[in-house]
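I have placed the structure first, in the form of structure tokens, so that the comments after it can refer back to it.
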Amino acid sequence: MQFTVNAEVFVVIVELEEAKRELVGMRPDIEELSQALHIQALTAKVEELEQTTLAPDFWGDQARSSRVLQTIKQSKDTIEEYTDLKSRLEDAIALAEMAIEEHNEDSLPEVKSELADLKAQAERMRIEALMVGEYDNSTAIVSFHPGAGGTEAQDWCQMLYRMITRWAETNKFKVKLLDWLDGDAAGLKSATITVEGPHAYGFLKSENGVHRLVRVSPFDAQGRRQTSFASIEVMPEFPDLDEIQLRDEDYEFVPFHSSGAGGQNINKVSSAVRITHKATGIVVTCQTERSQLQNKETALRMLKAKLMDIKIRERLDTIEQIQGNKNNIEWGSQIRSYVFMPYTLVKDTRTGYEEVDVEAVMNGRLDGFINAYLKYITMDKAK
């Protein structure tokens with residue numbers, strides 16, 4: 001009996017030694033992360049900006065002071081998160097060493113749990129370090145549109161909606177439904193949500209584009225294989241939308257009855273609005289607010305965001321220069337393919353990253369694709 005206990009303790013000590021080895025091995029990675037996050041530069045930047053807040057005229061320009069304070073907060077959050085990660089790593093190493101020395105097998109679950117948490121936090125911060133875009137820390141506005149193909153494409157569009165919202169909810173982002181239009185027999189014709197949280201747009205910009213599905217159709221009595229397309233449009237909620245001036249004659253405003261969505265909480269009254277920008281043909285709708293005025297205000301913000309997004313992408317000087325050009329939602333323009341049969345594979349055509357567990361991806365496991373895309377655009381910019 002004594003031998004069995006000793007043997008069990010020996011196994012625990014071996015596991016503790018392995019956990020300690022992994023924790024110590026994280027030290028160089030954490031130091032490298034400090035450089036990737038520019039911790040020293042951020043610290044100096046915070047000190048410099050805090051000095052500017054002491055100037056007598058600092059509060060005279062409310063928009064500028066707000067941006068400065070926001071920058072200070074974001075920088076401090078990054079510094080604090082990194083400092084916490086480094087401190088927790090050293091505490092975990094000390095805990096493992098003490099447990100090994102004292103043969104304390106009860107500490108093994110805690111050491112293992114802390115190791116897993118530290119790995120996850122470090123990986124998340126590595127991904128965030130790749131987000132250097134001007135609007136990466138903004139709220140994301142995400143719209144879903146089916147391609148040609150009727151019910152097949154509309155059902156695929158709803159599957160993508162579920163995939164994105166599952167990812168967002170799993171990662172503790174706040175999701176708000178702005179618009180939903182039911183499909184003819186299943187799925188949806190269009191939907192728009194906002195995803196709010198740290199680096200929401202930075203994460204989700206990887207999903208912007210056309211998504212292709214290959215599967216045996218559940219709507220085909222003969223069980224034939226079908227290819228469907230749907231697009232996800234992702235843009236940031238821009239902070240300076242007031243610079244875009246829209247006159248009443250620039251758009252067509254139409255109120256309508258909300259269509260509702262299966263299980264979605266949308267007011268089924270005539271408060272919904274549809275706004276069409278005459279120059280570009282861009283259409284936005286909103287039906288989730290409680291009054292027509294609120295829906296109109298939200299829809300106008302969405303329209304301005306779309307116009308600003310096009311302006312930035314096409315490097316135009318003025319909104320008036322924007323033309324209504326859009327890629328077709330069809331073969332050859334997809335960013336990612338999802339194959340359900342004769343084999344299972346999800347492959348990103350831009351990065352080459354792929355996963356065979358289609359079900360997990362459709363349930364929101366997108367971190368691999370997001371990480372690969374962020375590395376891809378970082379390397380592309382470095383060329």
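The values are calculated or read from the model by the stated rules, or taken from the named source; none is laboratory data. Predicted model only: the values in this text are computed from it and were never measured. So basically every Cβ, Gly included, is an ideal-geometry build from the backbone, and we count neighbours across all protein chains shown.
Couple of notes before you dig in:
- Some residue of the range 146-164 being buried (at least 18 other Cβ atoms within 10 Å of the Cβ), charged (D, E, K, R) and not assigned by TED's automatic domain parsing to the domain that holds ILE30: yes
- Residues that are touching a residue at least 60 places away in the same chain (Cβ under 8 Å) and of a type in the set (Gly, Ala, Ser) within the range 129-167 comprise ALA129, GLY133, SER138, ALA140, SER143, GLY147, ALA148, GLY149, ALA153, listed in sequence order.
- For the criterion of being among the aliphatic types (A, V, I, L, M), closer than 25 Å to ILE312 by Cα and not assigned by TED's automatic domain parsing to the domain that holds LEU374, ALA63 passes.
- Qualifying residue in the range 221-235 (condition: in a loop (DSSP other than H, G, I, E, B), touching a helix residue (DSSP H, G or I) at 6+ places or on another chain (Cβ under 6 Å) and surrounded by fewer than 20 Cβ atoms within 10 Å (Cβ to Cβ)): no
- Hey, ASP184 loosely packed, with under 15 Cβ neighbours inside 10 Å, out of contact with any strand residue (DSSP E or B) (no Cβ under 7 Å at 6 or more places or on another chain) and outside any helix (DSSP H, G or I) or not: yes
- Criterion: surrounded by 19 or more Cβ atoms within 10 Å (Cβ to Cβ) and of a type in the set (Val, Ile, Thr) - qualifying residue of VAL111, VAL132: VAL111
- Here SER291 meets each of (1) within 30 Å of GLU354 (Cα to Cα); (2) of a type in the set (Ser, Thr, Tyr); (3) modelled with pLDDT of 80 or more with one exception, condition (1).
- Among (1) under 29 Å from the mean Cα position of the chain (by Cα); (2) within 13 Å of ARG27 (Cα to Cα), the one test that ALA116 misses: (2)
Residues checked against (1) under 26 Å from the mean Cα position of the chain (by Cα); (2) touching a residue at least 24 places away in the same chain (Cβ under 8 Å); (3) farther than 24 Å from VAL132 by Cβ:
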{"site": "VAL11", "(1), (2), (3)": "no, no, yes"}
{"site": "ALA19", "(1), (2), (3)": "no, yes, yes"}
{"site": "LEU23", "(1), (2), (3)": "no, yes, yes"}
{"site": "LEU37", "(1), (2), (3)": "yes, yes, no"}
{"site": "VAL46", "(1), (2), (3)": "no, yes, no"}
{"site": "SER66", "(1), (2), (3)": "yes, no, no"}
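- Residue, nearest to ASN6 (Cα to Cα), within the range 93-108, restricted to residues that are touching a residue at least 12 places away in the same chain (Cβ under 8 Å), surrounded by 14 or more Cβ atoms within 10 Å (Cβ to Cβ) and of a type outside the set (A, V, I, L, M): GLU105
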